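Notes for the one structure printed next.
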Amino acid sequence: MISFEPVTADTMYIVSEIVNSNEAYNVFENGKKERSEEELSKEYMNEKTDSYFIKADDTYVGVIDYMKQSPNDDHPWIGAFIIHSAYHNFSFGTQAYLAFEEKLKKEEGLSVLRLGVLPQNPRAELFWERLGFTQYATKPLHHNQVNCLEKEL
């Protein structure tokens, strides 16, 4: 069973393990294979987003960073959705997204959700398209371009 647990300062080492298990993604996004706990704390422990672990029963399999309302477009966004590399290809990503979508619809009454995918990550784009997301724009983000996708819930 998939569940969600809030990330805390005491559990940042688990975020680090999950994120740093995905070296290729880190290189796409940040130009380096590994991110420090300090960098990750800034991203996952802030006032603007809610960060959750994805758990399969009692096992931490991933992490989600979610923004209820982006200051750029007033829409909710998934900022990060990362499955530990040891758990790729077991459908945890699909199960986790569908459970998270249900949580958002029930708790927040959302009708639309947005996210960004790096163009150099076609596997991720295909994952999101299979879940019903469609691209509506390409925009600059830091030193990258990002394909912006959305889904009506």
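State the number of residues belonging to region 110-127 that are among the small types (G, A, S) and open to solvent by 30 Å² or more (accessible area, probe 1.4 Å).
Within region 110-127, residues that are among the small types (G, A, S) and open to solvent by 30 Å² or more (accessible area, probe 1.4 Å) number 2.
Kindly establish whether S16 is part of a helix (DSSP H, G or I) and either at pLDDT 95 or above or in contact with a strand residue (DSSP E or B) (Cβ under 9 Å, 6 or more places away or on another chain) (or both).
For S16, the condition - part of a helix (DSSP H, G or I) and either at pLDDT 95 or above or in contact with a strand residue (DSSP E or B) (Cβ under 9 Å, 6 or more places away or on another chain) (or both) - is met.
Restricting to region 19-34, give me the number of residues that are outside any loop (DSSP other than H, G, I, E, B) and either closer than 16 Å to H143 by Cβ or touching a strand residue (DSSP E or B) at 6+ places or on another chain (Cβ under 8 Å) (or both).
7
Could you run through region 21-52 and say how many residues are in contact (Cβ under 8 Å) with a residue 24 or more places away in the chain and either touching a Cys at 6+ places or on another chain (Cβ under 7 Å) or farther than 15 Å from L118 by Cβ (or both)?
Within region 21-52, residues that are in contact (Cβ under 8 Å) with a residue 24 or more places away in the chain and either touching a Cys at 6+ places or on another chain (Cβ under 7 Å) or farther than 15 Å from L118 by Cβ (or both) number 11.
Among the residues of region 128-147, write down those that are aromatic (F, W, Y) and surrounded by 14 or more Cβ atoms within 10 Å (Cβ to Cβ).
Answer for region 128-147, where residues must be aromatic (F, W, Y) and surrounded by 14 or more Cβ atoms within 10 Å (Cβ to Cβ): W128, F133.
Name the single residue, out of those in region 69-79 being open to solvent by less than 40 Å² (accessible area, probe 1.4 Å) and free of Cβ contacts under 8 Å to residues at least 40 places away in the same chain, that is farthest from M45 (Cα to Cα).
Looking at residues that are open to solvent by less than 40 Å² (accessible area, probe 1.4 Å) and free of Cβ contacts under 8 Å to residues at least 40 places away in the same chain, I get P76.
Among the residues of region 43-64 satisfying the criterion of being of a type in the set (V, I, T) and either under 12 Å from the mean Cα position of the chain (by Cα) or on the phi > 0 side of the Ramachandran plot (or both), which is most open to solvent (accessible area, probe 1.4 Å)?
T49
I'd like to check something: does region 88-109 contain any residue that is assigned to a loop (DSSP other than H, G, I, E, B), under 14 Å from E152 (Cα atoms), open to solvent by 30 Å² or more (accessible area, probe 1.4 Å) and modelled with pLDDT under 95?
Yes: region 88-109 contains one or more residues that are assigned to a loop (DSSP other than H, G, I, E, B), under 14 Å from E152 (Cα atoms), open to solvent by 30 Å² or more (accessible area, probe 1.4 Å) and modelled with pLDDT under 95.
List pairs: first in region 53-68 and small (G, A, S), second open to solvent by 60 Å² or more (accessible area, probe 1.4 Å), Cβ under 8 Å, 6+ apart or cross-chain?
Short answer, once both residue conditions are applied: A56/M1; A56/Y87; A56/Q95; G62/Y87.
Among the residues of region 1-13, what is the count of those that are within 15 Å of F81 (Cβ to Cβ) and either assigned to a loop (DSSP other than H, G, I, E, B) or open to solvent by 60 Å² or more (accessible area, probe 1.4 Å) (or both)?
1
The values are calculated or read from the model by the stated rules, or taken from the named source; none is laboratory data. Being a predicted model, the structure only gives us computed values, none of them experimental. Counting neighbours? That spans all protein chains shown, and the Cβs are built from the backbone with ideal geometry, glycine included. Quick note on the areas: whole protein, heavy atoms, side chains included, nothing else; ligands and nucleic acids left out. Shrake-Rupley method; radii C 1.70, N 1.55, O 1.52, S 1.80 Å.
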